[in-house]
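Take a look at the structure below.
The values are calculated or read from the model by the stated rules, or taken from the named source; none is laboratory data. Given the structure is predicted, the values throughout are model-derived calculations rather than measurements. Cβ: placed from backbone, ideal geometry, glycine included. Neighbour counts: every protein chain shown. Accessible surface is based on the protein model in full, side chains and every heavy atom, while ligands, DNA and RNA are left aside. Shrake-Rupley method; radii C 1.70, N 1.55, O 1.52, S 1.80 Å.
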Amino acid sequence: MTIEVELPDAGSTRAYGEALAGLLRAGDLVVLTGDLGAGKTTLTQGIGTGLGVRGAVASPTFIIARVHPSLVDGPALVHVDAYRLGSLDEVDALDLDASLEESVTVVEWGEGLVEQLAQDRLEIALHRPHGGDPLAEDASAGTRRVTLTPVGERWRDVPLPTTPTV
């Protein structure tokens with residue numbers, strides 16, 4: 001069952017990520033898609049807050065993957081940016097499946113590259129309408145439309161949040 005949520009700004013996108021974190025557990029794979037500036041990293045920041053992880057969650061574009069250990073005896077957050085990865089071999093070289101079972105793994109730009117890591121996953125597409133140059137706009141402003149598609153048995157009876165409130 002796919003659900004759609006409208007989030008009016010970056011703050012509500014972070015709050016929605018925090019609400020999602022309450023449903024996530026070790027072994028979960030979250031695959032984020034969306035245009036540049038759609039809110040993928042912003043949503044992941046909220047997930048990191050909700051999981052209670054160490055360190056500021058920022059786009060790992062040039063590092064590819066960053067691990068944020070838990071500060072509250074929960075799972076670590078493995079935050080991956082697959083934007084610069086061009087093949088399944090490059091994804092395999094990251095050895096993400098080695099930490100998948102004990103972490104929550106969030107992969108930005110992962111569509112078509114990481115689905116083989118887990119039969120059960122949460123696919124999230126973010127869309128943010130832009131006018132003119134998206135890089136010139138205030139990054140915190142603008143409504144994001146979020147589409148969540150749970151895949152696999154793990155997500156069968158999990159009630160996904162329909163609002164950004166935590």
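In the stretch 17-39, what count of residues is obtained for those that are in a helix (DSSP H, G or I) and touching a Ser or Thr at 6+ places or on another chain (Cβ under 8 Å)? Qualifying residue count for the region: 4. What number of residues within the stretch 1-24 are charged (D, E, K, R) and touching a strand residue (DSSP E or B) at 6+ places or on another chain (Cβ under 7 Å)? The total comes to 2. Contact map, the stretch 1-24: first residue open to solvent by 10 Å² or more (accessible area, probe 1.4 Å), second residue among the aromatic types (Phe, Trp, Tyr) and assigned to a helix (DSSP H, G or I), Cβ cut-off under 7 Å, separation 6 or more or different chains; the map is empty. If you go through the stretch 136-159 and keep only what is at pLDDT 95 or above, surrounded by 15 or more Cβ atoms within 10 Å (Cβ to Cβ) and either at positive phi or under 16 Å from the mean Cα position of the chain (by Cα) (or both), you end up with VAL146, THR147, LEU148, THR149, PRO150, VAL151, TRP155.
Give the residue that is modelled with the lowest pLDDT, with candidates limited to residues of the stretch 82-100 that are loosely packed, with under 12 Cβ neighbours inside 10 Å and part of a helix (DSSP H, G or I).
So the residue we want is ALA98.
Is it true that some residue in the stretch 53-74 is touching an Asp or Glu at 6+ places or on another chain (Cβ under 7 Å) and crowded, with 21+ Cβ neighbours inside 10 Å? No, the stretch 53-74 has no match at all. Evaluated against (1) modelled with pLDDT under 65; (2) under 18 Å from THR41 (Cα atoms), ASP133 falls short on exactly one condition, (2).
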